[in-house]
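J.: Mind having a look at this structure? Questions to follow.
The values are calculated or read from the model by the stated rules, or taken from the named source; none is laboratory data. The structure presented is a predicted model; accordingly, all values stated were derived computationally and were not measured. In this analysis, Cβ positions are derived from the backbone assuming ideal geometry, glycine residues included, and neighbour counts consider all displayed protein chains.
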Amino acid sequence: MSLQMVRKYGNIEFKKYKSAYNDDWYDWLSHEMEIPFCNGKKMKVQLNFSEEELDQYNLEISQTIENILKFGSHHREQVKEHVFAYYQDLLLDIGEDCLDDMPPLENADDVLAYVHISGLGISISQRTKKFYAVYSGGCDWELEHGIMISFRNGKELAMVSGYGHICNSDAYGDIKKDEFIYIGNNISTRKRIVH
């Protein structure tokens with residue numbers, strides 16, 4: 001096992017910091033950088049791996065980071081319908097009472113204006129062992145559970161959900177659930193198959 005305090009993945013340096021949430025844990029964080037998918041918002045990238053995984057998966061981690069940092073703000077279009085399904089599903093469950101901080105939406109056009117991404121993490125699925133880049137943050141219709149948007153290998157939209165698992169196969173214990181992007185109580189969305 002490596003006891004490094006600095007690691008490099010691709011051209012990005014990560015440093016080991018004592019976790020703000022647990023005195024027994026450490027976080028691997030990059031320097032603050034502009035994230036193109038978030039319209040250039042500055043944030044740190046976090047690596048969510050054990051020391052052994054960091055040693056073992058250098059290439060996969062580097063590739064996932066490189067892929068996700070290629071995504072520009074125009075890639076946000078592909079997540080809108082799934083984020084809107086998350087919004088609609090909560091409305092069907094709770095009603096408009098959850099809309100204290102926003103107006104009702106008729107369609108997906110403006111839904112991302114009510115999403116506030118604050119973090120980007122790189123993780124591995126415990127079930128499939130595939131790698132994910134996961135954006136997380138708040139959304140004005142679901143203040144308690146927020147939002148996560150994950151991309152398999154940093155390039156394929158995999159899941160939209162509240163805080164929790166990084167992919168649907170981890171969340172539901174069923175690899176077949178990865179054919180969905182959003183799975184709700186009333187609404188689910190599937191991946192688009194391009195021929």
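J.: Return only the number of the condition from (1) crowded, with 22+ Cβ neighbours inside 10 Å; (2) at pLDDT below 95; (3) touching a Lys or Arg at 6+ places or on another chain (Cβ under 8 Å) that Ile175 does not satisfy.
T.: Checking Ile175 against (1) crowded, with 22+ Cβ neighbours inside 10 Å; (2) at pLDDT below 95; (3) touching a Lys or Arg at 6+ places or on another chain (Cβ under 8 Å), the one that fails is (1).
J.: Conditions first: (1) more than 19 Å from Tyr182 (Cα to Cα); (2) under 16 Å from the mean Cα position of the chain (by Cα); (3) surrounded by fewer than 21 Cβ atoms within 10 Å (Cβ to Cβ). Asp100 passes all but one, so which condition is the exception?
T.: The number of the failed condition is (2).
J.: Related question: Can you confirm whether the stretch 47-67 contains a residue that is within 23 Å of Ile149 (Cα to Cα), without any contact (Cβ under 8 Å) to a residue 60 or more places away in the chain and of a type in the set (D, E, K, R)?
T.: Within the stretch 47-67, none of the residues are within 23 Å of Ile149 (Cα to Cα), without any contact (Cβ under 8 Å) to a residue 60 or more places away in the chain and of a type in the set (D, E, K, R).
J.: Could I ask something else about it? Among Tyr182, Tyr163, Tyr135, which is in a loop (DSSP other than H, G, I, E, B), touching a strand residue (DSSP E or B) at 6+ places or on another chain (Cβ under 8 Å) and either surrounded by 19 or more Cβ atoms within 10 Å (Cβ to Cβ) or of a type in the set (Phe, Trp, Tyr) (or both)?
T.: Step by step, each of Tyr182, Tyr163, Tyr135 is checked, and only Tyr163 is in a loop (DSSP other than H, G, I, E, B), touching a strand residue (DSSP E or B) at 6+ places or on another chain (Cβ under 8 Å) and either surrounded by 19 or more Cβ atoms within 10 Å (Cβ to Cβ) or of a type in the set (Phe, Trp, Tyr) (or both).
J.: Hey, another quick one. Test of understanding: among Ser30, Ser2, which residue is at pLDDT 95 or above and hydroxyl-bearing (Ser, Thr, Tyr)?
T.: Ser30
J.: Which of the residues spanning the stretch 85-97 are touching a Ser or Thr at 6+ places or on another chain (Cβ under 9 Å) and crowded, with 21+ Cβ neighbours inside 10 Å?
T.: Selection gives Ala85, Tyr86.
J.: Now, a different point. I'd like the residue in the stretch 44-55 that is more than 21 Å from Glu32 (Cα to Cα) and surrounded by 13 or more Cβ atoms within 10 Å (Cβ to Cβ) and, out of all such residues, is nearest to the chain's Cα centre (by Cα).
T.: Step by step, filter the stretch 44-55, then rank; the result is Glu53.
J.: Something else: From the list Ser19, Ser30, which residue is surrounded by 18 or more Cβ atoms within 10 Å (Cβ to Cβ) and more than 30 Å from Phe180 (Cα to Cα)?
T.: Exactly one residue qualifies, and that residue is Ser30.
J.: Next up: Just the residues that are in a strand (DSSP E or B) and more than 15 Å from Val134 (Cα to Cα), please, taken from the stretch 31-66.
T.: Met33, Glu34, Lys41, Lys42
J.: Only one of Lys70, Lys129 is at positive phi and not in a strand (DSSP E or B). Can you tell me which?
T.: Residue meeting the stated conditions: Lys129.
J.: Answer yes or no as to whether Val194 is at pLDDT below 95 and hydrophobic (A, V, I, L, M, F, W, C).
T.: yes
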